[in-house]
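A.B. asks: A single structure is presented below for examination.
Throughout, read-outs are computed from the coordinates displayed, never taken from laboratory work. Keep in mind that what you see is a predicted model, and the values were worked out from it rather than measured. Positions of Cβ are generated from backbone atoms using ideal geometry, with glycine treated the same way; all protein chains shown enter the neighbour counts.
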Amino acid sequence: MTSKMPASYSIVVESKTSAVTDVFQQIQAKLVEHNFGKDDIFAVHLTLEEAFLNAVKHGNKLDPSKKVKVDYSIDAEKVEISITDQGPGFRPENVEDPRLGENLFKPGGRGLLLMNSYMDMVKFNEQGNSVSMVRYKEKPYLTKNPDS
């Protein structure tokens, strides 16, 4: 039985790529407790890993003295995750679409595309050093009968 109140957590870890494993294991346990399915767990794993690695590599520039903060809340309907690094930030609107033209052969932009594809909401803070993502268990906008 799951609670209607969201369970909220905050984790601060060293800015190293291997730290993502423990963070995901904690979140995965809570997703299972709240009866999220395999597709949701896969989507959260993929996007969490991408956002976390971006925070370590691009945000904190692999500086081991910096930290990455992961805030998350989970309830019966959705999971919300926020990942914040100590870097200067960036402008996501300046990242070129990796599906277009010469960008097909450039490595940049694929992580943002992936996050936007697997999560229902992705937004960055004004500084650009924190991303918030939401995934809903049910997708009413996809399952609604258009004739009703």
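A.B. asks: Any residue in segment 90-114 that is in contact (Cβ under 8 Å) with a residue 40 or more places away in the chain sitting within a Cβ distance under 6 Å of a residue that is in a helix (DSSP H, G or I) and among the charged types (D, E, K, R)? List the pairs, counting only those 6 or more apart or interchain.
C.D. replies: Gly111/Glu50; Leu114/Glu50
Yes/no matrix, rows are residues, columns are (1) surrounded by 16 or more Cβ atoms within 10 Å (Cβ to Cβ); (2) under 30 Å from Lys139 (Cα atoms); (3) in contact with a helix residue (DSSP H, G or I) (Cβ under 9 Å, 6 or more places away or on another chain); (4) not charged (D, E, K, R):
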residue	(1), (2), (3), (4)
Phe42	no, yes, yes, yes
Asn54	yes, yes, yes, yes
Lys57	no, no, no, no
Leu104	no, no, no, yes
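A.B. asks: Another question about this same structure. Residues being in contact (Cβ under 8 Å) with a residue 40 or more places away in the chain and either under 21 Å from Leu53 (Cα atoms) or under 15 Å from the mean Cα position of the chain (by Cα) (or both): count how many of those fall in segment 3-36.
C.D. replies: Total meeting the criteria: 13.
A.B. asks: Looking at segment 14-38 only, could you name the residues that are in a helix (DSSP H, G or I), under 19 Å from Ser65 (Cα atoms) and touching a strand residue (DSSP E or B) at 6+ places or on another chain (Cβ under 8 Å)?
C.D. replies: Scanning segment 14-38 gives Ala19, Asp22, Val23.
A.B. asks: In segment 67-78, is there at least one residue being under 14 Å from Lys137 (Cβ atoms), of a type in the set (D, E, K, R) and in a loop (DSSP other than H, G, I, E, B)? Can you show your working first?
C.D. replies: Of all residues in segment 67-78, those under 14 Å from Lys137 (Cβ atoms) come to 73-78.
Still in the list and also of a type in the set (D, E, K, R): 75, 77-78.
With in a loop (DSSP other than H, G, I, E, B) added as a condition, the list becomes 75, 77.
Yes, that holds for at least one residue.
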